[in-house]
Amino acid sequence: MTIRITKKSSRSGIVGNIEELSGVNLSTCYQCKKCSSGCPVGDLAGSPPSEIIRRLHLGADEELLESDIVWMCMSCETCSARCPMGIDIAAVMDALRALALKKGTPAPEGNVPLFNRALLTTVKLFGRTYDMGMIAAYKLGAHKFLQDTGKFPEMLKKKKIALILPRGSDKKTVRRIFRKTQVKRDSKP
Ligand code: SF4
Ligand code: SF4
């Protein structure tokens, strides 16, 4: 099937919102797919990063926010580092997540947004991640407090979970970053 791309179709859908949120100009992407070939979850996702960009070009609407890669993406920034056009695709993924949260789009599988919130809450409170706090917040939110408790002693033994509160972080600076990000996000679409 031949797809005709007109000036109008290339600016329809959510592409404008995403460009504004991420500060990225997506029109410079020429579909070399270097981002997708380096993405650790590209093969597992329904649409790898280059396809997400292409769908935005073609006027994808809010259905794009339901793509599994939006929540599978680990913000490793490999895609951004590999892009010959300097497109910050990781920032595009952040923007997709922010828009998905704002629109209340359901995550395709699991409860990644809850995990995301639990992780960020501990960073905001303690200045860095705190395993126990994050696990407790996630399990409370998911109403699965007793799930996986059998693995706990072994993980403690292998020092995979830190019980004591993290120390030495610059909490003031971290909270200032959260405040600034919140103001920036609230002032965007
Ligand atoms: S690496 Fe850059 S130019 Fe190539 S497909 Fe990905 S976003 Fe487009
Ligand atoms: S930042 Fe996300 S989309 Fe980009 S390579 Fe990493 S996992 Fe893939």
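In table form, for the structure just shown:
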| read-out | value |
| --- | --- |
| Some residue of region 66-80 being more than 14 Å from the chain's Cα centre (by Cα), more than 9 Å from ligand 2 (Cβ to nearest atom) and surrounded by fewer than 21 Cβ atoms within 10 Å (Cβ to Cβ) | no |
| Evaluation of Val41 against (1) near ligand 1 (Cβ under 10 Å from one of its atoms); (2) β-branched (Val, Ile, Thr); (3) part of a loop (DSSP other than H, G, I, E, B) (one fails), failing number | (1) |
| Of residues in region 22-42 being on the phi < 0 side of the Ramachandran plot and away from ligand 2 (no atom under 13 Å from the Cβ), the one surrounded by the most Cβ atoms within 10 Å (Cβ to Cβ) | Cys29 |
| Some residue of region 56-65 being modelled with pLDDT under 90, touching a helix residue (DSSP H, G or I) at 6+ places or on another chain (Cβ under 9 Å) and crowded, with 17+ Cβ neighbours inside 10 Å | no |
| Extreme residue, nearest to Ser12 (Cα to Cα), among residues of region 92-109 that are more than 15 Å from ligand 2 (Cβ to nearest atom) and in a helix (DSSP H, G or I) | Leu99 |
| Among residues of region 137-164, those that are surrounded by 12 or more Cβ atoms within 10 Å (Cβ to Cβ), among the aliphatic types (A, V, I, L, M) and touching a residue at least 12 places away in the same chain (Cβ under 8 Å), counted | 4 |
| Count - residues of region 66-85 that are modelled with pLDDT under 95 and more than 20 Å from Phe115 (Cβ to Cβ) | 0 |
| Selection status of Arg54, over 29 Å from Ile161 (Cα atoms), touching a residue at least 12 places away in the same chain (Cβ under 8 Å) and within 11 Å of ligand 2 (Cβ to nearest atom) | no |
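Residue by residue, here is whether (1) within 16 Å of ligand 1 (Cβ to nearest atom); (2) assigned by TED's automatic domain parsing to the domain that holds Ile69 holds:
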| site | (1), (2) |
| --- | --- |
| Met93 | yes, yes |
| Leu99 | no, yes |
| Arg128 | no, no |
| Asp131 | no, no |
| Tyr138 | no, no |
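The values are calculated or read from the model by the stated rules, or taken from the named source; none is laboratory data. Computed from a predicted model, the values in this text were never measured in an experiment. Virtual Cβ from ideal backbone geometry, glycine too; neighbours counted across all protein chains shown.
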